[in-house]
Amino acid sequence: MNVVRAEHVEGSQSSGDRITVTLIPKAMEGLCLLQERTSLSKTDLTNRAITLYEFFDDQLRSGHDIIARNQATGETQLVKLIDAPEGQAAAAGLAHTGRGRLAPTRR
């Protein structure tokens, strides 16, 4: 992932933290598809993904369900965030099987 210094991004706050991450191939593919669909920058997409994940996590920890409903068919799916197994520390392993992976379960 290429990182642009905050002072070079229009409308950004220069006091924000900067990180460098290595994306697994599936995440990189998803990022590229989202950039094409939305015309948002990698930084915008990353910030939105983290904010959305935090919202999901907060809702689930508060006892709420996250449900995805197909407006055309009425079909619903329960969305769950799956925790990584204890002791799993490899970044690639966490990205494949850990928190952040959405696992739909038909309702």
Problem - Rounded accessible area of GLU54 (nearest 10 Å², 1.4 Å probe) - result: 110 Å²
Handout entry: Inter-site label distance for THR22 and ALA68 at 7 Å from Cα along Cβ, in nm
Key = 2.9 nm
Problem - Highest-first arrangement of 42-51, 18-27, where packing means the average Cβ count within 10 Å - result: 42-51, 18-27
Practice task
Find out how many positive minus negative residues lie around SER62, taking Lys and Arg as positive, Asp and Glu as negative, among other residues whose Cβ is under 15 Å from that of SER62.
Solution key: -2
Exercise for the section: Give, as a single signed number, the net charge of other residues whose beta carbon lies under 12 Å from the beta carbon of THR38, with Lys and Arg counted +1 and Asp and Glu -1. Expected result: +1
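The values are calculated or read from the model by the stated rules, or taken from the named source; none is laboratory data. Computed from a prediction, not measured in an experiment: that's the story for all the values here. Don't worry about glycine lacking a Cβ; one is built from the backbone with ideal geometry, like all the others, and counts go over all protein chains shown. These area figures cover heavy atoms from the full protein model, side chains too; ligands, DNA and RNA do not enter into them. Shrake-Rupley method; radii C 1.70, N 1.55, O 1.52, S 1.80 Å.
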